Structures are given as C-alpha cells and as structure tokens.
1. Taking the chain on its own, what percent of its Cα-Cα pair distances exceed 29 Å?
2. Treating the beta-carbon of each Lys and Arg as +1 and of each Asp and Glu as -1, no other charges, what is the dipole magnitude of the stretch 14-83 about its Cα centre, to the nearest 20 debye?
3. Please determine, in degrees from 0 to 90 and to the nearest 10, the orientation of helix 32-43 with respect to the longest principal axis defined by the Cα atoms of the chain, where the helix direction is its Cα long axis.
4. Using only Cα atoms, find the angle between the long axis of helix 109-120 and the longest principal axis of the chain, and express it within 0 to 90 degrees, rounded to the nearest 10.
5. I want the local charge near ASP188. Using Cβ-Cβ distances under 15 Å, sum +1 for each Lys or Arg and -1 for each Asp or Glu among the other residues.
6. Identify, among ILE215, LEU102, SER91, the residue whose Cα sits farthest towards the positive end of the charge dipole of the chain, taking +1 on the Cβ of Lys and Arg and -1 on the Cβ of Asp and Glu, with the dipole about the Cα centre.
7. Looking at the chain, send over the antiparallel percent of its DSSP beta bridges, to the nearest 5.
8. Show me, for the stretch 200-217, the HN-Hα J-couplings you get by feeding each phi into the Karplus relation (A = 6.51, B = -1.76, C = 1.60, θ = phi - 60°), rounded to Hz, glycine and proline as x.
Amino acid sequence: MPTLLMAIAGPMQSWGTRSHFTQRDTEREPSKSGIIGMVCAALGRDRNEPIDDLAGLKMGVRVDREGVVQKDYQTIQNAATAGGGRRTLTSDRWYLADAVFLVGLEGDREILEKIHKALRTPVWPLSLGRKSYVPSRSPWLLDGIRDECVSEALKNYPFLSPFAGRESLHSENDNRTEAIRFVIESKDPTPYIRQDQPISFALGKRKFASRYVEIFWENCDDIS
C-alpha cells in the first residue's frame, strides 16, 4: 500500500484526545482525529459529510522534534451558565511548543493523491489542532507520495528538523545513542490506546472510537 507523507510543524500545536469542558489536553504527537480534520479542511469537506474513506487510512507518526508541553491559562468573562446567570470561567489549554512531526497516511492511492493535491492548494485554512495554531510550513511535500508502507516510508524519509529532540538510549554495549520515536497505528491489540479514531465531525454529533498504536524508538543512524 502507498503512503502519503506530510510535514507537521508549527510554534504551537494541540492534539487533544481527552479534553473535557474547561480542561483542554494535548497528546505528545498529532492525533488521528486532528490530522483527518486538517485533511478535511484541505479538501473543503464539510463537517457534516461522511469521513469513512479518510478514517480508514492507517496513520503513523515520526517525531522529529518532541517539542515542549506548555499550558495557556485563559479566562472567559460573562460566560453564560445553565441557571441563566453569568460568571467568569478559567480554562487550562495545553499545547506543544516548537514540535516537528512527519505524519504518514497509508491506503488507497486515489484517495492519497486527492489529499496530496489538496494540501498544496487547500480549500480552507489549515491548522494544527486549534484554529489559531497555524503551520510554520506547508504540510505538502513534493515527494510526499511513497510506494511503501507507512512504517518504511517514515523510516526512509530525511529528517525535517536538524535539531535534536531525540531521546538518548543505552545500546546493547551500554554506549548511549540518539533515538527517535515512532507511533504507528496497529490492527492488533497493544498496550497503547488512543481515543481519536474519528467517526463523525458533525456538529452536536462528534463521535470517536479507540484504536491501538505501537510505540517504538529507532536509532537515528538507521534513518535515511
């Protein structure tokens, strides 16, 4: 199966999967619901339209720069309450600062080519998890369509960031080596579950399911 690669980079990104009322979380890498939402914006697909074809694509992420988790403390004045009154609310909104990711979607070539074309000239503005979080570079990559599975495509593509955000691990002979994190969707059960498999983005009917992912590290010297 071919894979479409995208560059996901920006000073602020938020990929929440467990947000609840005024508490807005972020995962440490792009969520599938966030990436499919961005693809829908590129295609000009309304939130009430079906997304089965996009949600069925297999997603993988290579973390080129981990970024730093930060919290934005916000206040909302004169917010309406259920009792008909008004009050000031506070909200904790977590985000990733200065992170860089290579994201892959594996699946039907015709669908991937449509997405690839749309990313170059998107119908609506693209954002990284929240509308105000704009990309610092286009997700579109000239050579983004790859004739290999998502795992191999992510391993074989050059790094997007020259800066280390990589983990230092002990090798077998106890020497330390730089490694980079991968998060790949899995059909088989794993210890890692993400509640971000989009079913519907329709207003008032947003629905998500869970999916399994594999998480592993590769030596940086073995990539590209």
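1. Taking all Cα-Cα pairs of the chain, the fraction more than 29 Å apart is 28 percent.
2. Values: 10 positive and 10 negative charges, 32 e Å.
So the dipole magnitude of the stretch 14-83 works out to roughly 160 debye.
3. Its long axis makes an angle of about 80 degrees.
4. Rounded to the nearest ten degrees, it is 70.
5. On the way: positive: LYS58, LYS187, ARG194, ARG211; negative: GLU185, GLU214.
Surrounding charge for ASP188 is +2.
6. SER91
7. Details: 53 of 55 bridges.
Here the share of antiparallel DSSP bridges comes out near 95 percent.
8. Per-residue couplings from phi come out as 7, 9, 4, 4, x, 10, 4, 9, 9, 10, 9, 8, 8, 10, 9, 10, 8, 10 Hz.
The values are calculated or read from the model by the stated rules, or taken from the named source; none is laboratory data. Quantities reported herein were computed from a predicted structural model and do not represent experimental measurements. Methodologically, a virtual Cβ is constructed for each residue, glycine included, from the backbone with ideal geometry; neighbour enumeration extends over all protein chains shown. For the accessible areas, the whole protein counts, side chains as well, though only heavy atoms, and no ligand, DNA or RNA atoms are used. Shrake-Rupley method; radii C 1.70, N 1.55, O 1.52, S 1.80 Å.
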